Every structure is written in structure tokens, then in C-alpha cells.
1. Name the single residue that is nearest to Ala108 (Cα to Cα) among those in the range 123-143 being touching a residue at least 60 places away in the same chain (Cβ under 8 Å), in contact with a strand residue (DSSP E or B) (Cβ under 6 Å, 6 or more places away or on another chain) and of a type in the set (A, V, I, L, M, F, W, C).
2. Can you tell me how many residues in the range 123-168 are aromatic (Phe, Trp, Tyr) and assigned to a helix (DSSP H, G or I)?
3. Out of Leu120, Leu104, I need the residue that is open to solvent by less than 60 Å² (accessible area, probe 1.4 Å), at pLDDT below 95, in contact with a Leu (Cβ under 7 Å, 6 or more places away or on another chain) and over 20 Å from Gly38 (Cβ atoms). Which one?
4. For the structure I just gave you, tell me whether Met71 is among the aliphatic types (A, V, I, L, M) and open to solvent by 40 Å² or more (accessible area, probe 1.4 Å).
5. So Ala52 passes all but one of these: (1) in a helix (DSSP H, G or I); (2) open to solvent by less than 30 Å² (accessible area, probe 1.4 Å); (3) under 23 Å from Val135 (Cβ atoms). Which condition number does it fail?
Amino acid sequence: MVSSGFLKTKSLDKSPWLQASIALRLLVICYEYPPVGGGGGVGVASIMEAVAAQGNEVDVITSRFSHVPSMEKMNGVTVRRVSALRSESYPGFLKSSQRTTSTLSLAAFVPSSIAEALRLASSRKPDIIHGFFVVPSGLSAVLASRVCESPTIVTAAGADVFDPTRFCTRR
């Protein structure tokens, strides 16, 4: 593996003298990706744009919101949005918006993202399937990678990581 900064390329040979290399094909699953979601998605977008800028092929599967296109190229990253039942018209705890989510939306994303990952993997053969955040993206990445036989990375961050001090209050 040749690396300079982010994931760069994979070597065609283990020999240090052979400089030829090819781009990595990354399939990224992240429930929120700009313009939908908050800070986590913005961070993922920043990382993926840097990875794509180094010549790697990056496909992101994320949730769709009504006014956002189902597929677009953003700063070198191909973004594919799948149905996750995100809607402001649902009542109570089922309601979600462009900035907030619901249990229904999180649950609906798993089968939609897995189906899209399998469809995409059959033609693009990803070198790595990377799920950002354990719920729901990590689950989708692990299940899709089992079928595709691609290596998996799951990044746990933010609310995925238990921090008991979040529940402490100062008096």
C-alpha cells in the first residue's frame, strides 16, 4: 500500500521498486451527507473529497430528502441518495427534517442502503466498504460487505461512542 496523506493507492506489486499503482474504489455508507444532516456528515464529506482529490474513486450512499437529487457528483465524490422515509409530514417521533432524524428513518435506511450497495458493488467492485457511524451506516456496511466479500471499515464517532459524562449535570 502506498500512502501519502489519506488513502492513496494500492501497489500492483509488493516490490518497492515498482511505482505503478491504481486508484482505490471506496464505497462509503453514511446516513447523513451534505446538504442533509449536521456536523458528522460535513466531516465525512471533507474527508471523502480529500480522498477523491488524490485520484481515488469514491461513491457515497446516503439518505434522501425530498428536494435533493437522488444522484450527483460533488467535488469529485459520487453521491447516491436512497429512500429513508425522511419527511416533515410524519407525526411526532416519526417526523424528521433535513437537519434531524427519526427512528423510522434510521430503520428504513438500512435495507435501502444495503440494496444500493449490492447493486453498486456488482458493477464497481469496491476495494473497501466504509460505514461512517455505527447506527445505521455501520450495520449496512457490514452486511453488504459480507455479501460482496469486500473488506469493511466502520468508524464509530460522536454519539456512537459512550460517554457517561454527557449525562452528568453540574450544580
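The values are calculated or read from the model by the stated rules, or taken from the named source; none is laboratory data. A quick note: this is a predicted structure, and the numbers were derived from the prediction, not measured. When we count neighbours, we look across all protein chains shown, and the Cβ atoms used for this are built from the backbone with ideal geometry, even at glycine. All accessible areas refer to the heavy atoms of the entire protein, side chains included, with ligands and DNA or RNA removed. Shrake-Rupley method; radii C 1.70, N 1.55, O 1.52, S 1.80 Å.
1. Top of the filtered list is Ala141.
2. 1
3. Just one listed residue meets the conditions, Leu120.
4. Taking the combined requirement at face value, the residue satisfies it.
5. Tallying (1) in a helix (DSSP H, G or I); (2) open to solvent by less than 30 Å² (accessible area, probe 1.4 Å); (3) under 23 Å from Val135 (Cβ atoms), Ala52 fails exactly one: (3).
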